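Any read-out appearing in this document is the output of simple, stated calculations on the displayed coordinates, not a laboratory observation. Everything numeric in this text was worked out from a predicted model, so none of it was measured. Ideal geometry is used to build each Cβ from the backbone, glycine not excepted, and the neighbour counts take in all protein chains shown.
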Amino acid sequence: MPASVPDRPAPDEYAPYYARYINRVPTGDLVALLAAQVATFRTTFGAAAEPRAGFRYAPGKWSLREVIGHLIDTERVFTFRAISFARGDQHPLPSFDQDAWVPLAHFDARPLDSLVEEWSMQRAATIAMVRGLPDDALLRRGIASDVSFTVRALLHIPHGHLEYHVEHARTHYGVG
């Protein structure tokens, strides 16, 4: 069982689009990196962000609550893909349309602290899942959104995706 995931995925393990996230992941133990992000997430999106939770920096942009909801959804989708492929499922998985999902979730109707807690629980579940994978599962492949991914690549994407949104939240929402 991998207590860690020390190696970065190679470019042929994911679609070129995802390099924007995977390249944000530092070299090192992915499990430790995922765990360390919990403090960053809470600092950026926690109680101090409450006054900005409904803020949209431009018309048509997501509120801070919606960004957090998007982070929850994305982590769920990519970890579902990872566990599916780790278990040898060869059925192609569909893409997901983040712009269609967010409005239907009504994240702005929820208290910010409930979204922060839900993300934290999802991240804890992600870490537990990774720790429970057999070593040989990391290089298994599957198709999602018509692209071949390895499990290892799918597990790197949530880390880089969060880093992207933390930077974006600091620049555009004035939090963290």
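If you line up the long axis of helix 64-86 against the longest principal axis of the chain, both from Cα atoms, how many degrees apart are they, to the nearest 10? With rounding to tens, the tilt is 10 degrees.
Between the Cα long axis of helix 112-131 and the first principal axis of the chain there is an angle of about 10°, rounded to the nearest 10.
Taking other C-beta atoms within 10 angstrom as a stand-in for reagent exposure, 7, 97, 73 fall in the order 97, 7, 73, fewest first.
Considering only the other residues whose Cβ falls under 13 Å of the Cβ of residue 173, what net charge follows from Lys and Arg at +1 and Asp and Glu at -1? Write down the numbers at each step before the final one.
On the way: positive: 52, 56, 61, 65, 170; negative: 50, 66, 167.
Computed value for this residue: +2.
By other beta-carbon atoms within 10 Å, ranking 67, 175 with the fewest at the front produces 175, 67. For residue 105 and residue 143, a Förster radius of 25 Å and the Cβ-Cβ distance give a FRET efficiency of 0.45, rounded to the nearest 0.05. Note on the chain: with a GNM built from Cα contacts shorter than 10 Å, the maximum mean-square fluctuation among 47, 153, 137 falls on 47.
Under the definition of Cα pairs under 8 Å and six or more residues apart, what whole-number percent is the relative contact order of the chain? Walk me through the numbers on the way to the answer.
Values: 247 pairs, mean separation 75.1, N = 176.
RCO, the chain: 43 percent.
The C-alpha atoms of the chain define a longest principal axis, and helix 30-45 lies at about 10 degrees to it.
Could you tell me what a quarter of the Cα convex hull surface of the chain works out to, in nm² with one decimal place?
Approximately 9.5 nm², given one-decimal rounding.
I need the calculated FRET efficiency for the pair residue 113 and residue 40, taking r as the beta carbon distance and R₀ as 25 Å, to the nearest 0.05. Kindly include the intermediate steps, with their values, before the conclusion.
On the way: r = 17 Å, r/R0 = 0.68.
My answer for the efficiency is 0.90.
Here the residues 135, 108, ranked from fewest to most Cβ neighbours within 10 Å of their Cβ, fall in the order 135, 108.
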